[in-house]
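What follows is one structure encoded as C-alpha cells, with my remarks underneath.
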Amino acid sequence: MFENHWHNFETTRASSPKNGAHGGSSGMKVDRPVQVANIKSSSFKSRLTPSHSSGSALRRSSPASFASKDGDGVPGRVRVAVRLRPRNAEELAADADFADCVELQPELKRLKLRKNNWDSDTYEFDEVLTEFASQKRVYEVVAKPVVESVLDGYNGTVMAYGQTGTGKTFTLGRLGEQDTADRGIMVRSMEDILAEISPETDSVSVSYLQLYMEALQDLLNPANDNIPIVEDPKIGDVSLPRATLVEIRDQQSFVELLRIGETHRIAANTKLNTESSRSHAILMVHVKRSFMGGDNIYSNENGDISHLAKPLKPLVRKSKLVVVDLAGSERIHKSGSEGHMLEEAKSINLSLSALGKCINALAENSAHVPIRDSKLTRLLRDSFGGTARTSLIVTIGPSPRHRGETTSTILFGQRAMKVENMLKIKEEFDYKSLSRRLEVQLDKLIAENERQQKAFEDEVERINIEAENRVSEVERSFADALEKERLKCQMDYMESVKQLEEKLVLNQQQRDFDVFTDSNCIGQGPGLSAAEELVELKKLLEKEIKLRKVAEEEVKICKRQQGQDRQSEAGGSVEVLKLHKILENEAHQKKKLEEEIIILRSQLLQLTFEADQMKRYLDGGGSGNAYTGLDSSMSPFRHPQLKDAVNGQKASIATLFEQVGLQKILALLESDDANVRIHAVKVVANLAAEEANQKKIVEAGGLTSLLVLLRSFEDETVRRVAAGAIANLAMNEANQELIMAEGGISLLSMTAADAEDPQTLRMVAGAIANLCGNDKLRMKLKSEGGIKALLGIVRCGHPDVLSQVARGIANFAKCESRASTQGTNSSRSLLIEDGALPWIVQNANDEAAPIRRHIELALCHLAQHEVNAKDMISGGALWELVRISRDCSREDIRSLARRTLISSPTFRSELRRLRIEY
Ligand code: ADP
Ligand code: MG
C-alpha cells in the first residue's frame, strides 16, 4: 500500500521553498528555506474535498458522490499539527532566565526554532497550537475532520509523536473526569461518533492494545498477549482477530473501558518493569454503518444531489479510526535507561525508527518502503501511504535543554507532511439485510392479501344474504298486502251484487203482484151497462196507466240503482288498479335489487381477476410487471406470460359467470346508469378475452350490444373497452362476418377517425387488422372504408398502434395474394388503390421489429401479383424488396423476397435496367 499510491501524487506533493516572511525585516537570518509542506493548504479543513468540508454532506446523501468504490480515491495528504506544552513547575524554576527554544506564530502557522540568540529556523505546519490552545480546539483542528471522514466510511488515524512528557497522553488520552474541559481526543471522538450514528442501522466497537517490545497485548484482556497481526494482501487490510472487541453503546461505558485499559496498562508495565511512556498505546474504533444508496448519483452544478433512475440498494460501510499514543521519541540514553532497558530500547526504537524510515521513504518517493520491518509499521500501513485520512500531532516542550529532541520531533513532523494518502471508502452491498427486508415485506404482503381476500369474500357473502333477505321480505309483504286487498274487494263486490239481486227480486215480486190484481178486476161485473163498462174501462185504463208510470218510475229507479251499483263496482276496480301499480313498483324495485346483485357479482368477478393476478404476482417472486387488471387482460394482444395467470382463474370466473348469467351482464350494457354500463362493458371485455366465451357472447347478442355502445359513444373508457371487446371477438373467424354484417366496420372507422386515445386506437386497429385477415371480407372491407380507416390511424404514431396497422395491412395483402394465386383476383391491389403504398414504403425499415416484420411480409405479398409491380416500382417499393432480400434477419422472409423478385418479369427487367445483379 505504501508503494502503490505513492506515484500518483507527484504533483500535489511538490514542496516549494519559500523564504521566511520576516527574514529580512525582522533582522533575523533565515538560513534555511522555510519548510512548506504544501503551499496550497493552510488548514486541516481547507484541503478537504468539498463534500467533506461540511462533514455531514455525505451522511446526508450518498457516498458515491465523491469516491467511486473501485476507482481512484481522493488524494489526502497527512496533516501535521505541532503543539507546545506550557512550562511545567520544574521548567518555570530552572529555565526562568532562558527564553523558550521555540517561538510560535500561530496565525502564520509557523514555528521558529531558535538555534541561538541570533539565529533561528522557521517551519510551517498545517496547524500551530500554542501552550494556550484548549483541548477542545486541539480536538477540532486535529481529530474532528478525521472522525467525520470515519463516519463517512473512510479509515482514519490520529497519532501523537513527541518526547516523553510533552503531552501526547494529555492530548489523546485524558478522560477529563474532574474537569470536562480536559477531555482528550479519544473521549471527544467517541462523543462525536455516538452522536452521529443511529443505533438501528449502525454499530461501534473498540479494541484497545499496547505494543511493547514488538509484542501486542490486549489492554481489555491482559492475559491475551502476543496478538498476531493478520494482513489481507488482496485489500491491504490489517486486522487483529484475536483482540477483544467491545461494542460501545454509550459514552459512559467507553470511558469505563478506557479506564480499565489504562489500569491494565499500568499493571502490565509494572510487571515488565517499565513505564507507559515506553510502549505504544493503540485504540481501534470500528464503525459499521448501513444505509440505502445507489450507483448513479451525481452532483449537479449547484451541488445538489440528483438521483438517477436506478433504485437504491442497501449498502454497508465499515471504517476504522485508529488513535495511536506513541512511546516517547527521545533517545534511550537521555532518559537514563540501562540494563534490560537496552533490549527494550532496541524494540521501542525498532518500531519507532521503522516508522521514521517508512515516512522518510514515502516523503522521498523511494521505491522501497520498509513497512514489514516492525509491527507498528505493519499496523499503520493504511495510515501512511494508504487509504486512511491521517492526522499527526507532534508535541514539544519549551525547554531549551531539550532542543535536540524538539528539533528531531519537528523534522519528523515536517517529513510526515509530505506523505500523501489516497482516501477510499470501503463499501459493500448489504445482501443480508436486503434479503431479510424483502422476506419480511413479502410475508407481510402475502398475509395482507389473504386477509383482504377473506374480508372481501365475507363482505360479498353478507351483501348477498342481505339482498336476498330484503327481496324475500318485500315479496312477502307485497303478497300479503295484495291478498288482503283482493279479499276486501271481493267482499265489497259480493256485498253490492247481493244487495242488487235482492232489490231486483223485490221489484219482480211487486210487479207480479200488480199484474195479478189487474186481471182479477177485468173478470168482475159482467152485469154492468156498456156506459158503466166504458167508465169502468176508462178508470181501469187510467189506473193501468198510473200503474205503468209507477212501474216505469220503479224501473228507472232500479236502473239508476243498478248504475250506482255498477259505479261502486267500478270503484272496486280502481282499488285493484292501485294495487296493480304498487305491485309494479315493487316488481321494479325487485328488478333494481337484482340488478344490484348482478353488479356486485360482476364486481366480485373483476376483483377476483385482480386479486388472483396480485397473488400470482407475489407467488412469482415479484418478477416481471405487476398485472394491473382489466386494461391489460382485455387486450387481444395479451402478453403470453399472463396467459397462465388468466387460465388459472377460469374456474372462479366460470362459477361467477354462471351465477350472474351472461344475459344479465349483457342487459347491463344498456343500463340507465352510466357507471353500471362502464362496469358491464369491462366485464364483457374480460369475458370476450376467453375464446370459450366468445361464441356465447355473440349468440347472446353481446356483439350487437357492444356495437351499439361504440356508436352511442359517451365516454372514452367505454369506447376503449368496447373496442377492445370487439377486437377480442374479431379474433374468431365466425364472428368476423357478423361484425361486418352489423355495420361494424363503419363504426370502427368512425371511432378510428375521431378517437385520440392511443389505447382506443390500438384496439380499433387490432379489430380491423383481425377483419383484414378474412378472405371473404376483402371487397367489403375496402368498400366500407376499412383500409382508409387503418391508414388514418397512423396519425397516432404510437408504436403499438402502428404495429396493429402494419399487421392489418400484412393480413390484407396476404388475402389478396392468396386470391391472386387462386385466380379469383386479377385486379390491382386494393391497398395500392387506397393509397397505402407510400406509408408501407416509408415504414418498411421501421426500427420497431414487429412493425418492420409485418410490412416486410406485406411487401412480399403485394409483389407476388404482377399487376402491382409497376406501382411498386414507381413507389420505391422495389428498393425495399431488394433490401429485404438481402438484409432481413429472418431467413424465410429473406428468401420469400428473393423468390418474388426473381419470379416477376417486370421486377427482373427493372433490376436489369438498373444494373442490379440478381
Ligand atoms: P507524554 O504522554 O507525552 O509523556 P503527558 O501527556 O504524560 O506526556 O504529559 C506530561 C505532563 O505534562 C502531565 O503532567 C500533563 O498533565 C502535563 N501536560 C502536558 N500537556 C499539557 C498541556 N497542554 N497543558 C497542561 N499540562 C500539560
Ligand atoms: Mg504518555
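General remarks:
- Geometric extent, Cα atoms of the stretch 414-499 - Rg, Dmax (angstrom): 39.8, 138
- Global form of the stretch 795-918, assessed from the alpha-carbon gyration tensor, a/c cut-off 1.5: oblate
- Virtual spin-label span in nm between residue 472 and residue 734, 7 Å along Cα→Cβ: 4.0 nm
- Per-residue Cβ neighbour rank within 10 angstrom, fewest leading, 493, 161: 493, 161
- Computed from the alpha carbon atoms alone, the convex hull of the stretch 213-260 holds 101 Å³ per residue.
- If R0 is taken as 51 Å, the Cβ-Cβ distance between residue 403 and residue 435 corresponds to a FRET efficiency of 0.20.
- Footprinting exposure proxy for 291, 125 (fewest neighbouring C-beta atoms within 10 Å first): 291, 125
- Rotationally averaged projected area of the stretch 366-524 (alpha carbon convex hull; nm²): 27.4 nm²
- In this rough spin-label picture, where each label sits 7 Å from Cα along the Cβ direction, the residue 672-residue 250 distance is 7.3 nm.
- Listed peptides 277-287, 799-809, 219-229 appear in the order 799-809, 277-287, 219-229 once ranked by packing, highest mean of other Cβ atoms within 10 Å at the front.
- Just so you know, the averaged projected area of the alpha carbon convex hull for the stretch 173-269 sits at 7.7 nm².
- Charges were assigned to the Cβ only: +1 to each Lys and Arg, -1 to each Asp and Glu. The resulting dipole of the stretch 857-918 about its Cα centre is roughly 200 debye.
- Its residue count N fixes a reference of 2.2 N^0.38 Å for the stretch 831-884, and the Cα radius of gyration divided by that reference is 1.01.
- Sorting 146-155, 190-199, 393-402 by their mean Cβ neighbour count within 10 Å, with the most densely packed peptide first, gives 146-155, 393-402, 190-199.
- Cα-centre dipole for the stretch 785-842 with unit charges at Cβ (Lys and Arg positive, Asp and Glu negative), debye to 20: 60 debye
- Label-to-label distance for residue 259 and residue 577 is 10.7 nm, based on points extended 7 Å past Cα in the beta-carbon direction.
- Whole-angstrom Cα spans of the stretch 756-862 along principal axes, big to small: 39, 27, 19
- Considering only 423, 456, 365, the residue lying farthest towards the positive end of the dipole of the stretch 350-467 is 365, judged by Cα position with unit charges set on Cβ.
- Normalised per residue, the volume of the convex hull around the Cα set of the stretch 691-791 (Å³): 83 Å³
- About its Cα centre, the stretch 704-764 has a charge dipole of approximately 80 debye under the convention of +1 per Lys or Arg Cβ and -1 per Asp or Glu Cβ, with nothing else charged.
- Its convex hull of Cα atoms gives the stretch 107-235 a direction-averaged projected area, equal to a quarter of the hull surface, of 12.6 nm².
- Here the relative contact order of the stretch 653-765, from alpha carbon pairs under 8 Å that lie six or more residues apart, stands at 24 percent.
Only the coordinates and a few stated rules stand behind these numbers; no lab work does. Here the structure is a predicted model, which means the values were calculated and not measured. All Cβ positions, even for glycine, are placed from backbone atoms using ideal geometry, and neighbour counts span all protein chains on display.
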